[in-house]
Amino acid sequence: MFEFKIDDSGQQQAPSGGLYDLAIVGAGPAGLSAAIYASRDGIKTLVFDKSSAGGLAATTDWIENYPGFPEGISGPDLMDRMQKQAERFGAELLEFEEVTQIEPVSKGHLRVHTASAEVFDAKMVLLALGSHPKKLNVPGEEEYYGRGVSYCATCDGPLFRDKDVVIVGAGNSGLQEGLNVLNYARSVTFIEFLPYSIAEKILQERTMNHPKSTFYFNHMLTEIKGDAVVTGVVMKNRETGAVVELPCDGVFIYVGYTPDTRFLEGLVEMNKWGYIKTDAQMWTGVEGLMAIGDVRASNLAQVTVAVADGTKAAIAAREYLAELEV
Amino acid sequence: MALLNDQIRDQVSEMLVDLPNVVRLVMFKKAEDCPYCSIIEELITEVASTSDRVTVEVYDIEHDKEQVAAYGIDKAPVIAIVGAKDYGLRFFGIPANYEFSTLLHGIQVAGAGEPAQLDAATKSFLAGLNKPVHYEVFVTPTCPYCPGAAVLAFDMAVHSDYVKADVVEAGEFPDLAGRYNVMGVPLNVLNHTQRVEGRAPAQMIVDAIKASL
Ligand SMILES: Cc1cc2nc3c(=O)[nH]c(=O)nc-3n(C[C@H](O)[C@H](O)[C@H](O)COP(=O)(O)OP(=O)(O)OC[C@H]3O[C@@H](n4cnc5c(N)ncnc54)[C@H](O)[C@@H]3O)c2cc1C
């Protein structure tokens, strides 16, 4: 029932410094896969993450479609393994260090600036920034964050044992995490803007057939209410305009994802949602700079895709670094 | 069956075998309404079996009044992590999943008698403290961000005699969690009044301590 994990983030080693062959920004599946391949290949690699390693995949309860795990595997567990695998081959990992600027210096030299005003030098950089949960931007959302509003059911779900919970968004993430919350909560009400769910059929079946679940389709959440903590939500029927108030103790928000690429404005080309445009080989157009995984425009947000991007980028890095030598 | 597999056992042993000071894991359990008490006891016994530098003592919160008073215990299950002296490190509930790291970190810093990672500014602030600080961190075992918050509390408590650090598995202490409206983790609470949500940098905790004094 319990697992016992060792995560060394509390006693992380200082980076060895000097010129890195490869700097990777983001330690989700894309960044860690690249780190596994590159460091195993003898490429001196430094990985940054502004949070703890693992990326979005570490915030999901259960991943069933990553090949090799017929019963599925917990997101944190899978990511823990990827991290260990990268570290085993000598990749250096710097957690809780946000990259704030990438400065091209010359061919074969990019400078990475971080929020703690440190500077690192690398011959090549991979942007594996992923994305983060979107906000709804409704009244009450910010006010009650941490007081009933949450974006991580894996983290906070256990606090809602026998409580009434609302999940906003009935896409893959909302339903997947909803299944997790259904284990604890007294009831789970799903509110979806669209008239239907765009989630995988298997997730729809499991949640909709659950005795503790209720679905409101074609409804827009307009307000989160509370006193000291969340006490309910207000939603509007998009067809009839009817307003429905629903008492609840918690609101988990899964309404999509958005990348955090503002610090790259002016450097790389992005689409209107802020995802980074690349060529088919994932180069950004800036010398020595590639983008991989969810942050890449028009990419499929799946662990397998992020892993494949990381693999291809590490192999491209080997070639690029070899060319720099000659 | 052992709770720790061979690989984890080896890692734990490596981390704890050379502790400068012996660390006593002093557990308080209760007879009723404690589904995880026996697992916690088994876990810390396994941890202690990996190193001569770690020992286990188990008491009952109802019966062993003298120890309850000596360690200032008000709820169970709890593990007091005691090094050369009692730095005030407490873990309430089961240190499972990610929180196992927090327990190990506590043992390491208590055994070393010094924090693993505190910057100079934080150390100098702590050196100037002259009032008690009760630093509580609420966590869940499945929260990847939580150990980062918890180990900071342990580091500060080891560094300052004025700081006492309670890491609380929120799911097992619903009354306390309810009192502070804990609905997201990690949550740091300083002297029962100041809340800091999330894994915050040391400077934010220092500011919250100042505001709480
Ligand atoms: C609830 C949920 C359920 C999911 N279920 C599945 C599933 O079942 N199967 C599946 O295949 N996929 C699933 N996914 C999708 C999957 O998690 C993502 O596709 C995958 O994590 C993308 O990997 P990535 O490495 O590109 O980005 P991410 O995992 O998002 O990692 C990016 C990392 O970069 C870091 N970062 C960002 N900016 C900076 C910066 N400036 N400096 C330093 N670090 C930075 C972030 O902190 C983050 O750790 C799910 C996602 C969610 C949210």
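Values for this structure:
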item	result
For residues of B:92-104, the mean tally of beta carbons on other chains within 10 Å	4
Cα gyration tensor, the protein assembly as shown - rounded (a/c under 1.5), prolate or oblate	oblate
Where A:ASP260, B:ASP166 fall by accessible area, highest first, once all protein chains stay in place (1.4 Å)	A:ASP260, B:ASP166
Whether the range A:149-253 is rounded, prolate or oblate, judged on the alpha carbon gyration tensor where a/c under 1.5 counts as rounded	oblate
Among beta bridges that DSSP assigns inside the range B:6-212, antiparallel share in %, nearest 5	50 percent
The range B:36-187 shape via C-alpha gyration tensor axes, a/c threshold 1.5	rounded
Beta bridges by DSSP in the protein assembly as shown, antiparallel share as percent, to the nearest 5	45 percent
The range B:6-212 - accessible surface per residue (Å², probe 1.4 Å)	39 Å²
Most mobile listed residue (A:ILE276, A:ILE315, A:ILE43) in chain A, GNM with C-alpha springs under 10 Å	A:ILE315
Net charge dipole size for the protein assembly as shown [Lys, Arg +1 and Asp, Glu -1 on Cβ; Debye, nearest 20]	900 debye
For the protein assembly as shown, cysteines whose Cβ has no other cysteine Cβ within reach (under 4.7 Å)	A:CYS248
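The values are calculated or read from the model by the stated rules, or taken from the named source; none is laboratory data. Worth saying up front: this structure is predicted, and the values here are computed from it rather than measured. Virtual Cβ from ideal backbone geometry, glycine too; neighbours counted across all protein chains shown. Note: areas computed on protein heavy atoms with side chains; ligands, DNA, RNA excluded. Shrake-Rupley method; radii C 1.70, N 1.55, O 1.52, S 1.80 Å.
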